[in-house]
Amino acid sequence: MLIMLLLFLLHFEIVCCAEQRMKEGARIRYILPSSLILKVVPQLNAMANQNIEEHLFYTPVKNIPKSFSQEDKERLEQAYGQMLKERLIPAFISLHDYVSTEYLQAGRNSSGIDAIPNGQEYYQFAIKKYTTTNLKAKEIHQIGLDEVARILSEMEKVKEEVGFEGDMIAFFDHVRENKNLMPFETPEQVLENFNRIHNRMKPKLKEYFSEEPKTGFIVKRTEAFREASSSAEYNRGSLKDNRPGVFYVPIPDASKYNTFSDESLFLHEAIPGHHYQIALSQENDSLSKFRKNLWYSAYGEGWALYAESLGKELGLYQDPYQYFGNLSSEMHRAIRLVVDPGLHTMG
């Protein structure tokens, strides 16, 4: 419980420091675009909730071990609630008020990182960090253009296979708005669909992978306070702490949840994507500690992208719409290669 209280104080210091640093950044014009600031405001608003028992940071109090005496429970609840009420929530309220007013008004209309001091130099550093290459922004931009052309060619084949008459833009709309691809009514049904995908793959996984993680794995809905602006993601687990890896899925409205990319998404974020790569690294005792937790984006995301390509071998992508979902995921990455350097360095 002492650790819980120390972590609480650490969060308080982080929130206070964040506001101070944001004010400093605004002063020297090292600031976010207004379009991104707007997305942060609802998340901070959720943290400014003054109903203590509904607050995210009150959760540890609800999970005090049953072995604690009633006297200790009451003492801890009172002390924790007081800290939340008098320190952390006011800090979040202050941060929310600042971000939603002054910081938002100071936000820049530009989107590219080249608009901030030393932005061009920072972007070249980011290329080196994330790709581990010495490629220039324009070279990455061209790779993206070439990949877009290749993937569009594959997409055309799927469009013809399902007998859709119309151009590719119309087909994109058809897939996005297809009610047959929105079969669910509840978040639980969405999560269960991912479990079905996993079960369908299991026999083939044993054929293709001689190693599988001992670390557990679960699928969960993304928490409500961040769901509206989140994408699906993987959160690493720990075998030592008996904590499973978690595949988080945002489901703001189950009735509008489109399944067309679910198989590709599961392969990437979960199995054999991030869960296999991260958990197996953590469980590999031949690695030094720092290598167990080291993350190179080019390798981590590269592995997950490769995992997506294994769909047919693992018994998936039998439905052309699911294969189109895989191509759409590839296109998502290819478009990034076009847009990102274009946005941040090419005007």
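The values are calculated or read from the model by the stated rules, or taken from the named source; none is laboratory data. The structure presented is a predicted model; accordingly, all values stated were derived computationally and were not measured. Using ideal geometry, Cβ is built from the backbone for each residue, glycine included, and neighbour counts are taken over all protein chains shown. Accessible surface areas use protein heavy atoms only, side chains included; no ligands, DNA or RNA. Shrake-Rupley method; radii C 1.70, N 1.55, O 1.52, S 1.80 Å.
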(request) State whether the residues of the stretch 126-137 include one that is in contact with a Leu (Cβ under 7 Å, 6 or more places away or on another chain), in contact (Cβ under 8 Å) with a residue 12 or more places away in the chain and not in a loop (DSSP other than H, G, I, E, B). (result) yes
(message) Going residue by residue through the stretch 163-186, is there one that turns out to be under 26 Å from the mean Cα position of the chain (by Cα) and over 24 Å from LEU327 (Cβ atoms)?
(response) yes
(request) List the number of the failed condition for HIS275; all other conditions in (1) closer than 30 Å to VAL162 by Cβ; (2) under 17 Å from the mean Cα position of the chain (by Cα); (3) crowded, with 19+ Cβ neighbours inside 10 Å hold. (result) (1)
(request) With the condition kept exactly as written, say whether any residue in the stretch 149-171 is over 30 Å from LYS39 (Cβ atoms) and of a type in the set (Phe, Trp, Tyr). (result) yes
(message) Of everything in the stretch 70-112, what is in contact with a helix residue (DSSP H, G or I) (Cβ under 9 Å, 6 or more places away or on another chain) and polar (S, T, N, Q)? Give them in sequence order.
(response) SER94, SER100, GLN105, ASN109, SER111
(request) Consider ILE251 carefully, then state whether it is of a type in the set (Val, Ile, Thr), farther than 22 Å from TRP295 by Cα, at pLDDT 95 or above and out of contact with any Pro (no Cβ under 7 Å at 6 or more places or on another chain). (result) no
(request) Just give me the residues in the stretch 29-53 being over 23 Å from the mean Cα position of the chain (by Cα), open to solvent by 80 Å² or more (accessible area, probe 1.4 Å) and under 30 Å from GLY107 (Cβ atoms), in sequence order. (result) ARG29, TYR30, GLN50
(request) Of the numbered conditions (1) part of a loop (DSSP other than H, G, I, E, B); (2) open to solvent by 70 Å² or more (accessible area, probe 1.4 Å); (3) not aromatic (Phe, Trp, Tyr), LYS220 fails exactly one; give the number of that condition. (result) (1)
(message) Checking SER153 against (1) outside any loop (DSSP other than H, G, I, E, B); (2) in contact (Cβ under 8 Å) with a residue 12 or more places away in the chain; (3) hydroxyl-bearing (Ser, Thr, Tyr); (4) within 30 Å of MET331 (Cβ to Cβ), only one condition comes out false. Which one?
(response) (2)
(request) Among what's in the stretch 106-159 and is touching a Lys or Arg at 6+ places or on another chain (Cβ under 9 Å) and small (Gly, Ala, Ser), pick the residue that is least open to solvent (accessible area, probe 1.4 Å). (result) GLY144
(message) So, in the stretch 278-317, exactly how many residues are open to solvent by less than 50 Å² (accessible area, probe 1.4 Å), charged (D, E, K, R) and more than 19 Å from ARG243 (Cα to Cα)?
(response) 1
(message) Tell me which helices (runs of 4 or more DSSP H) are completely within the stretch 252-347 and hold 1 or more residues being more than 30 Å from GLY119 (Cβ to Cβ) and free of Cβ contacts under 8 Å to residues at least 40 places away in the same chain, or say none if there are none.
(response) 262-269, 274-283, 289-292, 297-308
(request) Looking for whichever is closer than 22 Å to GLY119 by Cα and acidic (Asp, Glu) here; the options are GLU13, GLU24, GLU19. Which one fits? (result) GLU24
